[in-house]
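See below for the structure under consideration.
Read the figures in this text as sums done on the coordinates, not as results from a lab. Here the structure is a predicted model, which means the values were calculated and not measured. For neighbour counting, all protein chains shown are included, and Cβ atoms are generated from backbone atoms with ideal geometry for every residue, glycine included.
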Amino acid sequence: MLALINVAAGRLALLLAIPPGYATALWPPAGIAFAALFARSSALWPGVFLGSILVNLWTSPQPGTLRSIGVAVAIAAASTLQALIAVRLARWWTGGSTTLGSIRDIAGVLILSGPVASLVASSCGVMTLRLTGLLSPESAAFSWWTWWVGDTIGVVL
């Protein structure tokens, strides 16, 4: 179910993507992944991974090729790792609680799970696209920034 929700949210968000189509300024799947793993269980990570693979295979300019599958798996691994790190940081901040009972808890969780944890997928994703030749050196910084902003806003929302 988590995978399907992430695919639907991801497909909608990709309507706003910048070329080559992997980065967008609003990425709700990052927030959905964090919320599901934080509120329910980190054991739901396979849904994050599968949903991300499906969205990225759909996004690929060359679907079905070994390169597109490798890129989708690498980005899915980074997105899953990002969600797990965000949950770990949020639970550390709240002392293991999933109840955000104070302004301090809310602010800390938003900062750690949003801007801090979002460094993971944006960095790994852009590096993957650069290494596979799907992203030019000139586009890397803007794509990284857009990806990071999109994941951050997705988590904070």
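Under Stokes-Einstein, with the Kirkwood radius over Cα pairs as Rh, the value for the stretch 110-157 at 10 °C and 1.306 mPa s is 148 µm²/s. Here is the P(r) of the stretch 30-92: all C-alpha pair distances, binned every 10 Å from 0, give 25, 46, 22, 7, 0 in whole percents.
Only helices enter the 222 nm calculation for the chain: every DSSP H run of n ≥ 4 contributes -39,500 (n - 2.57), and dividing by all residues gives -23000 deg cm²/dmol, rounded to 500. Each 5 Å bin from zero holds the following percent of Cα-Cα pairs in the stretch 67-123: 4, 22, 24, 18, 12, 9, 6, 4, 1, 0. Between the amide H of A23 and those of I18, distances stay under 5 Å, these residues lying 5 or more places away or on another chain, with hydrogens modeled in the peptide plane. Highest mean first, the peptides 57-65, 149-157 sorted by other C-beta atoms within 10 Å per residue fall in the order 149-157, 57-65. Computed over the chain, the P(r) tail beyond 28 angstrom holds 16 percent of alpha carbon pairs.
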